[in-house]
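Remarks on the structure that follows.
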Amino acid sequence: MASENEKVSLPSVDVAPVVGKQQSAVDSTDNHDDLTRQTTADRILQGAKTATEREQNMTLLQGIKLYPKAIAWSVLISTCIVMEGYDICLINNFYAFPQFNRKYGEQLPSGEWQVTAPWQAGLSNGANVGELIGLLINGYVSEKFGYRWTVIVSLMLINAWTALFFTADNVQTLLAAEILCGIPWGIFQTLTITYASEVCPVAMRGYLTTYVNFCWGLGQLIGIGVIMSMLDRQDEWAYRIPYALQWMWPLPLAVGIFFAPESPWWLVRKGKLDKAKKSLLRLTSLNRESGLDADETVDMMVHTTALEEKTTTGASYLDCFKGHDLRRTEIVCMVWAIQNLSGNSFSNYSTYFLTQAGLPERSAYGFALGQYGMNMVGVFGAWFLMSRGIGRRSLYLYGLCGLCTMLMILGFLGLVPEAQRTQGSIATGSIMLCWALTYQCTVGTVCYSLVSEISTRRLQIKTVALGRVLYIIVGIIASVLTPYMLNPGAWNWSNYAGFFWGGICFLCIIYTYFRVPEPSGRSFAELDLLFQKGVSARKFATTKVNVFDDEINSDLMDKYQQRKEAEKDTKGRFD
């Protein structure tokens, strides 16, 4: 044994190799993590590419066979729009009901009862005010709580506030009811379009989004039919029964929507990838098409979301006006506004011109019934034209050209001599019916598809809401100006108003030619890249882009993958 003063000789140890091995282990771990991350990103990219190619090569018939459940759920949620078309039709036609006027109007010196002009304007625009509020609220609520629960709560509010219509003792209560009901109606206007665009493949997007316009026509048609059935009633039930019929919609719709799948795109944006896959499977019929891979379709959604997060920093209303999203917001707003700028408010006065020609009230309502019926037929006309390969931009542009021509014809009919005034009025009413059919086959229907496709996924609800806000504002202005144009006691332009709206419509043609792109056949990711690169609207259809060559933050896709794995682990612990 060595003494305390003796040094113990220990074998020398080469520390450098140990440190080198430790460093190598660290480097190996980092390389492994990088490799794993790269593998995850590559897998998502490959899955997204395969799903994108499958969707773009899918025919309409294949889409119908593969997504019948998506069609059914989209149709169910879009039916909420029927309620708004129904009620708007009611209030504008109740002004001709003597029973309604006696209850809510004032007696004129002549002894006749009428709702005064200020209150007519207030009631007609009250719903617009509520819709503006609902549109802006929807931009936050539906993105936070999801589409299903937003619709269900809105339907329950409609159920409650319809009681105000039914029990209103004065015109002030009616106005409150219009404003309050307008809030959920505003929510329906954008949410139904967004849901339709997110639950279906590219081949079906144009059809399901434009079905919303069919629902508008259906609601108006039902409203006119109910009003005509009440013309012979002389008591207060002539207007209370139509109001009470609004209760037939909300409850069955809410029950059905409760069982509807949530939008898989919304679930992906929230990082709920496992739920997104389940929702996608509920929207499809896998036994009809063996080629569908739900994981690859979710990968496509993840890739598109990552691509949008790269170019869009946030998801607020302010972000709609930043960068290339400003261009998309501008186009969506103008596409909505052009619906009213192309003479829509003027065409709604076909009944007025027919009445001026001496037709009885019931016959004039019959013409209005036919016009609303053509609104529905026009949607099928638009579907037929789209099925022939005609793009959305082409339909919108050439439709405006036809509308402009007919508006000019209406203006020239004002030159008809007074002796032939009756024939001129009938010709005017007939041209307006042709205008309505052309409008619904093109501008009126295709608009719903354009606004849903041009806006980015992250900002779609807010972008479409802003567009609809401008639509309502322009509609309010037009609804104020048009009576002055046509009223004999005001400007008395009569048919010459066609020149005014024809000129505005011509300006809309110029805007559409230079600014509105062609989105048909494009995936959402391709549209994002085309806007990001600033491609001209006239070159959208021919420009070739490869979204999978664009560099995307792999960390972001890795984050989605980690969420997916976490969901699987959570599920495994509870199974």
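The figures follow:
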quantity	calculated
Above-threshold pairs, the threshold being 25 Å between Cα atoms, out of LYS278/LYS533; LYS278/LYS544; LYS49/LYS277	LYS278/LYS533; LYS278/LYS544
Spin-label pair ARG282/ARG43, simplified geometry with 7 Å Cα→Cβ offset, distance in nm	2.6
Packing-based ranking, highest mean first, of 111-124, 66-79 given that Cβ atoms within 10 Å are counted	66-79, 111-124
³J(HN,Hα), Karplus 6.51/-1.76/1.60, whole Hz, each residue of region 498-510, x for Gly, Pro	x, 5, 4, 5, x, x, 4, 5, 5, 5, 5, 4, 4
Added length on full extension, which subtracts the Cα-Cα distance from 0.36 nm per residue, VAL377 to THR543	56.4 nm
Residues of region 459-500 with amide N under 13 Å of the 7 Å Cα→Cβ point at TYR95	479-488
Contour minus Cα-Cα distance for GLN423 and PHE166 (0.36 nm per residue)	88.3 nm
At R0 = 35 Å, FRET efficiency that the Cβ-Cβ distance of LYS69 and TRP149 yields, to 0.05	0.95
Vicinal HN-Hα couplings computed from phi for region 326-338 (Karplus, 6.51 cos²θ - 1.76 cosθ + 1.60; Hz; Gly/Pro x)	4, 5, 5, 5, 4, 5, 4, 4, 6, 4, 5, 5, 4
Burial ranking of peptide ranges 150-162, 327-339, 240-252 (average Cβ count within 10 Å, highest at the top)	327-339, 150-162, 240-252
Global form of region 360-413, assessed from the alpha-carbon gyration tensor, a/c cut-off 1.5	oblate
13 Å beta-carbon shell around PRO184, net charge (K/R +1, D/E -1)	-4
Region 51-119 - accessible surface per residue (Å², probe 1.4 Å)	43
Rounded FRET efficiency, nearest 0.05, which uses the C-beta distance separating TYR511 from ILE241 and R0 of 45 Å	0.50
From phi via Karplus (6.51, -1.76, 1.60), per-residue ³J(HN,Hα) for region 117-128 in Hz, x at Gly/Pro	4, x, 6, 4, 5, x, 5, 5, 9, x, 5, 4
Net +/- balance of residues flanking THR543 in space, Cβ distance below 12 Å, scoring K and R +1, D and E -1	+3
For region 66-167: rounded, prolate or oblate by the Cα gyration tensor [a/c cutoff 1.5]	prolate
Charge context of MET334, other residues only, Cβ under 14 angstrom, K/R +1, D/E -1	+4
Residues ALA117 and SER536, FRET efficiency given R0 of 35 Å [Cβ-Cβ distance, rounded to 0.05]	0.15
Whether region 165-234 is rounded, prolate or oblate, judged on the alpha carbon gyration tensor where a/c under 1.5 counts as rounded	oblate
Under 5 Å, built H, 5+ apart or other chain: amide partners of GLU106	GLN114, VAL115, THR116
Label point distance in nm, PHE499-ARG102, each placed 7 Å from Cα along Cα→Cβ	4.6
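The values are calculated or read from the model by the stated rules, or taken from the named source; none is laboratory data. These figures come from a predicted structure and were not determined experimentally. Cβ coordinates were reconstructed from backbone atoms using ideal geometry, including for glycine residues, and neighbour counts include every protein chain displayed. For accessibility, only protein heavy atoms count, side chains too; no ligands or nucleic acids. Shrake-Rupley method; radii C 1.70, N 1.55, O 1.52, S 1.80 Å.
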